[in-house]
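Please read the structure below before turning to the comments.
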C-alpha cells in the first residue's frame, strides 16, 4: 500500500486597484444611501484590494508540490488581475455585469473563476477591500 500523501494548503496573494459603486436598483436612492452610505455615490470610489487564493491538496511525491505556484500566479494574473486592475467593476468588468460588487460578491465571483480552473483543490478566496475589511469564502452555502 502506498504511503498517504500529506495534505497541505498553499496561498498566493495578488494586489489590484479598482473602483466600484454599491447600488441595489430595486431600492430608492434614499434607501441605497441609507444602506451603503458613501459607497452609493454616483461615480463610485476605489480601493487597493488584496486577493488571496488558497488551495488544499496532497503533495505530489514526484514534484513535492500540490500545484506549481508559478501556474497559480500566472492564472490569477491573467484571469483575474488583468481583468480588474484599474477598472470600474460595475461598468468595465464583464464578470461583474449585473452583480452588485460588495466585498462578499467580489469573493464569490473570484471563487467561480478559480473553481473553474482548480476544482476541489480550491479551499478559500480571501478579498481584502481594506486592511480592516476582509471577506473569505470557502465554497459553503447557508
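Quick notes on this structure:
- The set of residues in the range 121-136 being over 16 Å from residue 13 (Cβ atoms) and free of Cβ contacts under 8 Å to residues at least 12 places away in the same chain consists of 132 alone.
- Residues of the range 71-90 include none that is closer than 22 Å to residue 140 by Cβ and out of contact with any helix residue (DSSP H, G or I) (no Cβ under 9 Å at 6 or more places or on another chain).
Readers should treat all values here as calculations from the given coordinates under stated rules, not as data from a laboratory. Every value quoted in this text rests on a predicted model; they were computed, and no experiment measured them. Don't worry about glycine lacking a Cβ; one is built from the backbone with ideal geometry, like all the others, and counts go over all protein chains shown.
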